[in-house]
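Reviewing the structure listed below.
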Amino acid sequence: MQIIDFAHVWNTIPFPAFIINSEFIIIEGNSAAEQVVQTSHNQMSGKALSVFFGINSVVLETIKQVKRENSSLSQYGIEVSTIDRVSFECNLHINPLDKNNENYLLIMQPNSFAQKINQSSSHRTSARSVTAMASMLAHEIRNPLAGISGAAQLLAMNAIDDDVELADMIGQETKRIGTLVDRFEVFSDIRPSVRNAYNIHDVLDRAIRSSSAGFASSIKFEKQYDPSLPNASGDADQMLQVFQNILKNACEAISKDRGKIKICTSYNSGVRYTISGDQSEILPLQIEIIDNGSGIPDNIINEIFEPFVSSKVNGTGLGLAFVSKIITSHGGLIECTSHNAGTKFILRLPVSKKSSKDKI
Ligand SMILES: Nc1ncnc2c1ncn2[C@@H]1O[C@H](COP(=O)(O)OP(=O)(O)O)[C@@H](O)[C@H]1O
Ligand SMILES: [Mg+2]
């Protein structure tokens, strides 16, 4: 068997990674970590983490929390600053490495590396601009379009020879614009989500049923639900549309005869999302939707949550922008990983604080 050089593996990780002991002393740091703290591996080993990040660093606070709770923690979208005032936004992943809580693995995943994650902050703006544009389109285009279409019909009635064809063409093309405006209007009609408690499995099952009755009729679904999953909080109808959009994309990427979509749910208490400053939301509900399709083309993978990004001939590129907007308004996160044998979307949502019958 081939022997793996773990020191090499460690240094190949493209994100800063540290091993810290329970006194917050750096035991190890990889090559990417050397760059962040601007010090060699030998110089940082044995030094306190606070030497490089300051004593009030959010990094230290997060490790303290992991130590207290003795469970791993992922904190999304936090601003980390070094003592040299270099700051960057990253996702922080901290895992205890042994049962006795002696050592911890700390990985800082800078957001430039994590663009596939729908960071609510960056996507909120683009989603909002689409919403604004959608309502503008609906109001400002529909009226003149009706005028053009009416005029084309009048022209067609009185036209002779070749002009009939041209008038018809105007009519058909205005109809096409009308259909496009209708599609945008669906996007503009996203009211602030109501916050009711709902069962994620019920919504997932509804999405599977409606997909199977239509575009997913030949697709096999595999479900791995955690039956003890608590209710989520939000608008079940909007979430149904979220799942339908993700399932539709999956079906469009997989072959009809061996297409498979796996849906897993689980509870993961160690996921937090920093909203602003020291405020963070716990996002323990995890829904994974995995397909065995052709994967997302490399040239658009970092922009799939942006509006109008599509690899399809007749795609609008609005499906995932819509999904992103809804998930954001629910205080959640969506991540995506993809390769040429399939794609995985992970949704993380907050839990409802009340029972399913209560309004929140
Ligand atoms: N499950 C998936 N497998 C492969 N590609 C996907 C998947 N989901 C999304 N995509 C890619 O993301 C793009 C954007 O999706 P979307 O916003 O729904 O727009 P559209 O479906 O209209 O193209 C798609 O065109 C496709 O290239
Ligand atoms: Mg789509």
In the neighborhood of residue 92, defined by Cβ-to-Cβ distances under 11 Å, what is the net charge if each Lys or Arg adds +1 and each Asp or Glu adds -1?
-2
Would you order 239, 136, 108 from fewest to most other beta-carbon atoms within 10 Å of each residue's own beta-carbon?
136, 108, 239
As I understand it, the value is the acute angle between the Cα axis of helix 236-253 and the longest principal axis of the Cα atoms of the chain; what does it come to in degrees, rounded to 10?
90
FRET efficiency, 1/(1 + (r/R0)^6) with R0 30 Å, evaluated for residue 202 and residue 252 via beta carbons
0.75
Beyond a 25 Å Cα-Cα separation, which of these cross-linked pairs lie in this structure: 64/344; 67/325; 175/325; 223/344?
64/344; 67/325; 175/325
If neighbour count is taken as other Cβ atoms inside 10 Å, put 206, 272, 348 in order from fewest to most.
206, 272, 348
Spatially proximal aspartates and glutamates relative to residue 353 (Cα-Cα < 15 Å; intrachain offsets below 8 disregarded)
235, 281
Can you give me the distance in nm between label points at residue 82 and residue 154, each placed 7 Å from the Cα along the Cα-to-Cβ direction?
7.1
Three-way shape label, the range 6-110, alpha-carbon gyration tensor, a/c 1.5
rounded
Taking r as the C-beta separation of residue 166 and residue 143 and R0 as 30 Å, the FRET efficiency to the nearest 0.05 is 0.85
How tilted is helix 200-212 with respect to the longest principal axis of the chain? Cα atoms for both, answer in degrees (0 to 90, nearest 10).
40
Using the number of other C-beta atoms within 10 angstrom as an exposure proxy, rank 330, 339, 41 with the fewest first.
339, 41, 330
Multiplying the sequence separation of residue 4 and residue 269 by 0.36 nm and subtracting their Cα-Cα distance, what value in nm do you get?
92.1 nm
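We did not get these values from a lab; they are worked out from the coordinates using the rules stated. Nothing here was measured: the structure is a model prediction, and the numbers come from that model. Please note: Cβ atoms are built from the backbone with ideal geometry, for glycine as well, and neighbour counts cover all protein chains shown.
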